[in-house]
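Presented below is the structure to which this report refers.
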Amino acid sequence: MNDDGDHPDEYDDEDEWVVQEAMLAALDAPGEWPARSSARTGPVTVVDIDRVDDCAIVLAVTEGNTKLFEQTTLYRFVFERTPDGWSWHGGSGCGGEDDPLDDRARWVPGQPHLIESASGWSRWEGRNGRQRRLYEIQLLCGPDVARVEIVRGAVTRVADVATGPGWLVVAWTDAAPTVVAFDGGGRQLEVLSPQSHEQTRARRRRWGGQPSSPEKWRRTP
């Protein structure tokens, strides 16, 4: 993810085109997100989509050890709805030895129920020369989390994470949202305030990077 907001105009690699096509298909498919199963759906498994106004961020996991993908990678791509369909506006991916689809199962007691694994923003020139900017965080929900409410002003997105890989992407354009996690009985487990998002972003800028494995994730103050 590029915290400076700059992205290439297009991807030249076949693997990233495959990811983009899978994400476009998910954007136009019926159904609700996040994914309710951790099972793979093919070379690219979309795990969550978040929409704000005419923009969307798609989070997906690729398989590893194949001709296209050397390792499992968590990708996030940014799209904008235009009169001609979805327009792609960049993205990034982070891969490693561990499969992101199994990360929730590696959660250990004492870790946060909502783990902020990445954050950043994207910037592009939209229609009519209008500058667009979209902020985001990527969250991994602990196994006790059954429901997450993402409160963006008067609009609340309710995400059912009782089953599935537990990955969420949260996007916003202006004021950062409040994110609240609940267990299956409706008990509040954790709250991420708008201030916590800014603290996490500032801390990662000081570190010059961001955590890439569950062992390195940190609790948001």
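The values are calculated or read from the model by the stated rules, or taken from the named source; none is laboratory data. From a predicted model like this one, the values you see are computed outputs, not experimental measurements. So basically every Cβ, Gly included, is an ideal-geometry build from the backbone, and we count neighbours across all protein chains shown.
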Original post:
Of all residues in region 125-144, which are in contact with a Gly (Cβ under 7 Å, 6 or more places away or on another chain) and crowded, with 20+ Cβ neighbours inside 10 Å?
Top reply: Glu136, Leu140, Cys141
**OP:** Inspect all residues belonging to region 10-29 and state whether any of them is of a type in the set (Ser, Thr, Tyr) and under 20 Å from Asp102 (Cβ atoms).
**Re:** no
Original post:
In this structure, is Trp33 within 30 Å of Phe182 (Cα to Cα), of a type in the set (Phe, Trp, Tyr) and not in a strand (DSSP E or B)?
Top reply: yes
Original post:
Quick one: would you say Ser87 is hydroxyl-bearing (Ser, Thr, Tyr) and in contact (Cβ under 8 Å) with a residue 24 or more places away in the chain?
Top reply: no
Original post:
Which condition does Glu32 not pass, out of (1) in contact with a Ser or Thr (Cβ under 8 Å, 6 or more places away or on another chain); (2) under 30 Å from Glu125 (Cα atoms), if it passes all the others?
Top reply: (1)
Subject >> Options Leu74, Leu101: the member that is crowded, with 21+ Cβ neighbours inside 10 Å and outside any strand (DSSP E or B) >> reply: Leu101
Subject >> Residue among Gly85, Gly96, Gly64, Gly110 that is within 18 Å of the chain's Cα centre (by Cα), more than 17 Å from Ala171 (Cβ to Cβ) and surrounded by fewer than 19 Cβ atoms within 10 Å (Cβ to Cβ) >> reply: Gly96
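Working only within region 57-81, note down all residues that are in contact with a Phe, Trp or Tyr (Cβ under 8 Å, 6 or more places away or on another chain), closer than 19 Å to Gly164 by Cβ and either among the β-branched types (Val, Ile, Thr) or touching a residue at least 40 places away in the same chain (Cβ under 8 Å) (or both).
Listed by number, the residues that qualify are Ile57, Val58, Leu59, Ala60, Val61, Thr62, Leu74.
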Subject >> The listed residue being at pLDDT 95 or above, closer than 18 Å to Leu74 by Cβ and more than 13 Å from the chain's Cα centre (by Cα), out of Arg104, Arg157 >> reply: Arg104
